[in-house]
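For reference, the structure discussed in these notes is given below.
What follows is calculated from the coordinates using simple rules that are stated; it is not laboratory data. Note that the coordinates shown come from a computational prediction; the quantities given were computed from them, not determined experimentally. Because the Cβ atoms are built from the backbone with ideal geometry, glycine has one as well, and the counts that use them run over all protein chains shown.
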Amino acid sequence: MRAIPTELLGKLKSLPTPQSDFAHHGFEPSQFDMGKACLVTFSSSLFDKVLKRVSAIEDDFRWPYDTTPLKICSTPSGKRFGVHFPSYGGARIANSLEQLAACGYQYIFGLGLGGTLQESVDIGDIVLLEGAIRGDGVSRYYAPVEFPAVADFELLGKLSEMLKAREEKHHLGVSFGTDALYREVEALVDRLRYLGVLIVDLESSAFLTVGRRLGLKCCWCGVVSDRLVGAVHEGNIHAEHVADKLLRLNDYVLQVIESL
């Protein structure tokens with residue numbers, strides 16, 4: 001194996017890291033008790049709604065990135081956890097996971113929406129992802145396409161058992177994570193439907209791949225917001241019953257966080 005030239009080695013050592021970015025902003029995560037778990041919402045409005053349902057801890061903690069807010073909150077028993085909105089798309093998800101890992105988080109719960117391809121899945125149904133087909137671009141910087149995008153099965157099992165105990169209808173399966181919302185052509189949709197893919201979304205493949213590569217235990221859960229069957233699009237991501245189901249699912253996630 002050839003040695004790396006000294007001048008190139010110097011450049012590699014100076015590449016940016018989450019820690020160096022934190023230092024640039026005068027932020028040191030070790031100064032705060034941020035908890036072990038973080039709930040990541042994949043919409044800004046959901047982030048605001050979740051914060052209204054939890055106890056945010058008002059102390060000296062100030063996250064240095066205004067466009068991707070992070071708040072430290074607590075469960076009813078006082079266990080601390082984070083609530084974060086990483087902005088949209090795989091690249092932002094990957095960036096946030098790098099930062100959350102550098103903060104010492106171990107468990108990451110993604111809470112989002114997806115459009116189903118299956119007639120047997122109803123709008124408003126809960127979905128827990130076992131894994132994702134990697135249709136995004138950013139995860140390929142972390143691992144080859146053969147590397148699986150899979151959830152942490154301990155977290156997935158805890159959440160699934162809780163939903164069963166509450167008699168909440170839910171589906172376990174895989175998603176297709178994409179960066180191109182408006183490029184779901186008919187041939188692709190037909191193929192994904194044939195493979196039994198439950199939903200299409202913008203975060204899951206990057207979320208599960210990058211999280212696993214960084215050593216994080218990640219679990220994606222969400223609610224079906226719309227459905228694409230043939231050339232017909234059904235549903236509305238802002239439907240009231242979908243939003244209500246998301247917040248109920250959020251409460252179940254917080255109970256799992258309480259148990260960690």
Roughly speaking, what is the stretch gain from Glu240 to Tyr88, that is 0.36 nm per residue apart minus the C-alpha to C-alpha distance, in nm to one decimal?
52.6 nm
Determine the sum of side-chain charges near Phe153: Lys and Arg each +1, Asp and Glu each -1, restricted to other residues whose C-beta is under 14 angstrom from that of Phe153.
-1
Label zone at Phe147, where the point sits 7 Å out along the Cα-to-Cβ direction: the stretch 188-217 residues whose backbone N lies under 20 Å
202-217
Using the beta-carbon distance between Ala180 and Leu260 and R0 = 30 Å, what value does 1/(1 + (r/R0)^6) give for FRET efficiency, to the nearest 0.05?
0.30
List the relative contact order of the chain as a percent without decimals, with contacts defined as Cα pairs under 8 Å and 6+ residues apart.
24
What list of ³J(HN,Hα) couplings, whole Hz, do you get for the stretch 174-188 from phi and the Karplus terms 6.51, -1.76, 1.60, once you set θ to phi - 60° and write x for glycine and proline?
10, 10, 10, x, 10, 9, 10, 4, 9, 10, 8, 6, 4, 4, 5
Of all C-alpha pairs within the stretch 15-259, those more than 34 angstrom apart amount in percent to 13
Which of Lys79/Lys158; Lys49/Lys245; Lys49/Lys164; Lys49/Lys71; Lys79/Lys217 exceed 23 Å between C-alpha atoms? The answer is Lys49/Lys164
Can you list residues from other chains, or at least 5 along the same chain, whose modelled amide H is less than 5 Å from the amide H of Gly110?
Val40, Cys219, Trp220, Cys221
Sparse-neighbourhood loop sites, GluC sites (Glu not before Pro) in the stretch 159-204 - DSSP loop, at most 10 other Cβ within 10 angstrom:
Glu167
How many nm is it between the label spots at Arg62 and Ser44, if each spot is 7 Å from the Cα in line with the beta carbon?
2.1
